[in-house]
Amino acid sequence: MALIVQKFGGTSVGDIERIQNVAQRVAKTREAGHDVVVCVSAMSGETNQLVSLAEQISGGHAPLAREYDVLLSVGEQKTIALLAMAIEQLGHSARSFTGAQMGMRTNSDHTRARIEQVDTLVLKECLSEGTVCVIAGFQGVDPSGRITTLGRGGSDTSAVAVACALDADVCEIYTDVDGVYTADPRVVEDARKLSRISFEEMLELASLGAKVLQIRSVKFAMRYGLRLHVRSSFSSDEGTWVVPEEDVVEQLVVSGVTCNSNEAQIRLQNVPDQPGIAARVFTPLGDAGIVVDMIIQNYASDGSTDMTFTVPRGDYAKALSIAQEAGRELECETVEGDDGIAKVSIVGLGMKDHAGVATRMFKVLARESINIQMISTSEIKISVVIAQKYAELAVRALHAELIDVLDS
Ligand code: ADP
Ligand code: ASP
Ligand code: MG
């Protein structure tokens, strides 16, 4: 007998029939003799609708974060109740738990809270009675008892955190594609399904735009050495296993191409070339809770330099006004922004020992006449910032050219 955590995303629980299908899958797992914890998302479209309600009532201002979380958590609460009812109808005992009821303890950083501790007592008690635990993904409770949410896509993280805390044998992530592909299969028609991918590569892909897994879920799995099985809720085919590097058999040099269109760029021109300037520019951004991603500072000439960086698009307006304020104090020539950009990246562990991948990437972009605005690299990834209108073209061209560079 194993303990299995199964997570179902929004499309997988998108209507009553789909919830009934999920119930059947859970029932089958129970009938095979396993203990089951099911973690669910809101029905597809539900969270977006709640976001839109909050935006309407806030009339152009940022919604009050703590009440926004109360509102957004409603979506998952609906699904747990419906799924528990459907499982009971199939003759199995099931009980629903909100994040607070099950003890998903987070910090108070509303809308993007971090999990601090997962209580296992209630869940273990429920499992020992032979009952399926149906838990709400995406939500938790802070030290003062307020409801929090974990950021968009956060149900992945809820499921993995619970699987780690319960020391589950398997954590299955059921979604609307049948695994992790070499690129988003909705953008690149001939993207290939990977049978295995390393934690490190998955971490990069998730952080660079592949929304199939929320990045924090991969961090948890990696830290606890928990293998994840990403698979389709509409078939019983084997999906993709996210595993330690040494377990990946077919190692591609480039195993994924991905794109993030959720960033914006800010450029300060003629910043004085003196010690302390970067700290002056980036400290107020950090104080405002804005996470800066890529940063480029040009070689200085005539005592001044240019500085360009990217921020999440949701923080663009705030970041631009902070940068403009810093720019005024530093007497910069101009401070301007651009929210029509995309970051396109290639990821692969094999890049560690293969030279020339960057050159091939740049040649492909040149052939397509796509101008590169920024470049950043790490051991296993290369990212470029380009105009957003060319993002899909770039992803397709890079996939066609680079994904078949097999290790030899
Ligand atoms: P869920 O609602 O099940 O959590 P998501 O919509 O969050 O599902 O994530 C699944 C989606 O991720 C897929 O429909 C697919 O379009 C997208 N995706 C992006 N990159 C990839 C990739 N490399 N492999 C698989 N899916 C990807
Ligand atoms: N319902 C939340 C969202 O749409 C969480 C999730 O689905 O993972 O982002
Ligand atoms: Mg998701």
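None of the figures in this text is laboratory data; all of them are computed from the coordinates on show. The structure displayed is predicted, hence computed values, not measured ones. Quick reminder, even Gly has a Cβ in these numbers, built from the backbone with ideal geometry, and neighbours come from all protein chains shown.
Net charge near T359, counting Lys/Arg +1 and Asp/Glu -1 over other residues with Cβ under 15 Å of its Cβ?
Details: positive: R360, K363, R367; negative: E401.
Value of the local net charge: +2.
Tell me the label-point distance for the pair A279, E116, using the 7 Å Cα-to-Cβ offset, in nm and rounded to one decimal.
Between A279 and E116, the label points sit 3.0 nm apart.
Could you state the angle between the C-alpha long axis of helix 391-402 and the longest principal axis of the C-alpha atoms of the chain, as a value from 0 to 90 degrees rounded to the nearest 10?
The two axes meet at around 80 degrees.
Using helices alone, I'd like the mean residue ellipticity at 222 nm for the chain: each DSSP H run of four-plus residues gives -39500 (n - 2.57), total over residue count, nearest 500. Numbers along the way, then the final one.
Numbers: 12 runs with 144 residues, N = 408.
Calculated from helices alone, the mean residue ellipticity at 222 nm is -11000 deg cm²/dmol.
What relative contact order, as a whole-number percentage, does the chain give when Cα pairs under 8 Å and 6 or more residues apart are counted?
On the way: 885 pairs, mean separation 54.9, N = 408.
Relative contact order, the chain: 13 percent.
Please compute the net charge surrounding T305, taking Lys and Arg as +1 and Asp and Glu as -1 over other residues with Cβ under 13 Å from its Cβ.
Numbers: positive: R267; negative: D273, D302, D306, E333.
Charge balance near T305 sits at -3.
Restricted to Cα positions, what overall size does the chain have along the principal axes? Three whole-Å values, descending.
77, 53, 32
What does the convex hull of the alpha-carbon atoms of segment 83-153 project to on average, in nm²? Don't skip to the end; give the middle numbers.
Working: hull surface 19.6 nm².
Convex hull of Cα atoms, orientation-averaged projection: 4.9 nm².
Compute the helix-to-body angle for 357-367: its Cα long axis versus the longest principal axis of the chain, expressed 0 to 90° and rounded to tens.
Compared with the principal axis, the helix lies near 70 degrees.
Which cross-chain or sequence-distant (5 or more) residues have an amide H under 5 Å from the amide H of I173, H modelled 1.01 Å from N in plane?
For I173, whose amide H was placed from the backbone, the distant partners under 5 Å are K7, H229, V230, R231.
Taking K78 as the anchor, which lysines have their alpha carbon closer than 16 Å to its alpha carbon, excluding any fewer than eight residues away along the same chain?
K7
Where does each of 148-159, 193-204 land if you order them by average Cβ count within 10 Å, highest first? Mind showing how you got there, number by number?
Working: 148-159: 26.3, 193-204: 22.3.
Packing order, densest peptide first, comes out as 148-159, 193-204.
Cα centroids of segment 48-69 and segment 128-181: how far apart, whole angstrom?
If we compute the Cα centre of each part, the gap is 24 Å.
Looking at the chain as a GNM with Cα springs under 10 Å, which of P63, P275, P143 has the largest mean-square fluctuation?
Per the Cα network of the chain with a 10 Å cutoff, P275 tops the list.
Would you please put 90-98, 171-179 in order of how densely packed they are, using the mean number of other Cβ atoms within 10 angstrom per residue and starting with the highest?
On the way: 90-98: 17.7, 171-179: 23.0.
With the highest mean Cβ count within 10 Å placed first, the list reads 171-179, 90-98.
Top mean-square fluctuation among Y181, Y316, Y299, Gaussian network model of the chain, C-alpha springs under 10 Å?
Among Y181, Y316, Y299, the largest mean-square fluctuation in the Gaussian network model of the chain belongs to Y299.
Just list whichever of K211/K389; K28/K219; K219/K381; K211/K343 have alpha carbons separated by over 26 Å in the model shown. Intermediate results must be reported in sequence, preceding the final value.
Values: K211/K389 20 Å; K28/K219 30 Å; K219/K381 17 Å; K211/K343 14 Å.
Where the Cα-Cα span goes over 26 Å, the pairs concerned are K28/K219.
Of A136, A355, A86, which has the largest mean-square fluctuation in a 10 Å C-alpha GNM of the chain?
Checking each option, the largest mean-square fluctuation is seen for A355.
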